[in-house]
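Undergrad: Once you've had a glance at the structure underneath, I'll fire off some questions.
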Amino acid sequence: MARSRGHQSPDEEVAAPEAPSTRERILAVSLALFNTRGLGRVTTAEIAAAAGIREGNLQYHFPRKSSLVEAMFAGFEAEAAAVAGRMPADPGALLAYQRAWFDLIWRYRCVYRDGIAMVEIAPAVRPRVHTLRARTQELARAVFDAAVAAGRLRIEPEALGRLIDNAWIVSSHWMSHRLQGGTELTEADLDWGFAQVRDLFVPYLVALQPE
């Protein structure tokens, strides 16, 4: 006999997505609060309340605020390496590659906006910042070298190195520039920052010819 529409056997049932662990929830809440209010202004008591747990439970996972900031930065490190090293399927998709980096910056904007506070709270992060910068630039260079080899980017090797350095400077400091007036950052500011880096690369992009 045919099964009625919509009925599933036990083997066909789709498992419900696994709920985030307490540790993951703490990190997600912390990042949201850090982004909104600033790394130096958010207390562990506020994080615990936002996560719906006791402060003692938070301290079980993260004994000090510094350990929480270090864990948050570790998440950024992993995502940054993944984004910087993600070779575009189409070597011509370099602007989308750059946009993915800016979207990452926006998700972790407290790292860029509150960098001084971050290393004051968690000094162990300082050398990791410099290591990550070198690693992501190395990965980005490989992506752009591949685009040059594929004929999608026309630029000499030395000039490419300067272009990557300039793109890093802009992508790292556009937030402080936009905040000089004391206003809060919005996604319109994110689009503005991306446009500055995009326009650095546009003169070197080779337009794809229609087939």
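Undergrad: Looking at 191, 145, can you tell me which residue is in the same structural domain as residue 84 (by TED's automatic domain parsing) and closer than 24 Å to residue 32 by Cβ?
TA: On the way: 145 fails: closer than 24 Å to residue 32 by Cβ.
On inspection, the qualifying residue turns out to be 191.
Undergrad: Among the residues of region 107-141 satisfying the criterion of being touching a residue at least 60 places away in the same chain (Cβ under 8 Å) and among the hydroxyl-bearing types (Ser, Thr, Tyr), which is nearest to residue 27 (Cα to Cα)?
TA: Only one residue fits best here, namely 108.
Undergrad: Right, here's the next one. Taking the condition modelled with pLDDT of 90 or more and of a type in the set (Lys, Arg), does residue 141 pass? So that I can check it myself, show each step before the final result.
TA: On the way: modelled with pLDDT of 90 or more: yes; of a type in the set (Lys, Arg): yes.
Answer is yes for this residue.
Undergrad: Mind checking which residues of region 71-90 are assigned to a loop (DSSP other than H, G, I, E, B) and surrounded by 14 or more Cβ atoms within 10 Å (Cβ to Cβ)? Talk me through it step by step, then tell me what you get.
TA: Here is the first cut: in region 71-90, the ones assigned to a loop (DSSP other than H, G, I, E, B) are 85-90.
Within region 71-90, 85, 88 qualify.
Undergrad: A follow-up question, please. Pick out the one residue from 137, 98 that is under 24 Å from residue 153 (Cα atoms), of a type in the set (S, T, N, Q) and over 14 Å from the mean Cα position of the chain (by Cα). Outline the logic, then answer.
TA: Numbers: 98 fails: over 14 Å from the mean Cα position of the chain (by Cα).
The conditions single out 137.
The values are calculated or read from the model by the stated rules, or taken from the named source; none is laboratory data. Since the structure is predicted, the reported quantities are computational estimates derived from the model, not experimental observations. Every residue, glycine among them, receives a Cβ derived from its backbone with ideal geometry; neighbour counts consider all protein chains shown.
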